[in-house]
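I have placed the structure first, in the form of structure tokens, so that the comments after it can refer back to it.
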Amino acid sequence: MSTETTKKQREQGYSLKSVEKSEPPQGMQEGEWHTYILVRGKSEIKGVRFDTLKAVTEHGKELAEKINIRNNWNTSY
């Protein structure tokens, strides 16, 4: 692997990969639950949130941006 490729991978931030309707976590109320996945290279962050598809999608994008800013990575979602 070249130095340029390694540097680029280090600088690339998290992005929102997907948002899908899901079952509620155990012991939680029924309703509009969604699972979202953020990715950065081979790393994934999976979250579950109770809200509309649109709101969870926006949450995922904002979370990716906040993580990227905190780690000084490029922001992309």
When the stretch 29-58 is checked residue by residue, the ones that are of a type outside the set (A, V, I, L, M) and exposed (fewer than 14 other Cβ atoms within 10 Å of the Cβ) are 29, 30, 31, 41, 42, 43, 44, 46, 52, 54
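Condition first: assigned to a helix (DSSP H, G or I) and among the polar types (S, T, N, Q). Can you find one or more residues in the stretch 34-56 that meet it? Outline the logic, then answer.
Our first condition is that a residue be assigned to a helix (DSSP H, G or I); within the stretch 34-56, this holds for 53-56.
Then drop every residue that is not among the polar types (S, T, N, Q), which leaves none.
Within the stretch 34-56, not a single residue is assigned to a helix (DSSP H, G or I) and among the polar types (S, T, N, Q).
Out of 18, 22, 76, which single residue is in contact with a Ser or Thr (Cβ under 9 Å, 6 or more places away or on another chain), surrounded by 12 or more Cβ atoms within 10 Å (Cβ to Cβ) and modelled with pLDDT under 95?
On the way: 18 fails: modelled with pLDDT under 95; 22 fails: modelled with pLDDT under 95.
Among 18, 22, 76, only 76 is in contact with a Ser or Thr (Cβ under 9 Å, 6 or more places away or on another chain), surrounded by 12 or more Cβ atoms within 10 Å (Cβ to Cβ) and modelled with pLDDT under 95.
Return the residues of the stretch 27-48 that are over 14 Å from residue 15 (Cα atoms) and under 12 Å from the mean Cα position of the chain (by Cα); say none if nothing qualifies. Explain how you work it out, then say what you get.
Initially, the stretch 27-48 is screened for residues over 14 Å from residue 15 (Cα atoms), giving 27-35, 48.
Residues satisfying the conditions are 35, 48.
The values are calculated or read from the model by the stated rules, or taken from the named source; none is laboratory data. Everything numeric in this text was worked out from a predicted model, so none of it was measured. Note: ideal-geometry Cβ built from the backbone for every residue, glycine included; neighbour counts use all protein chains shown.
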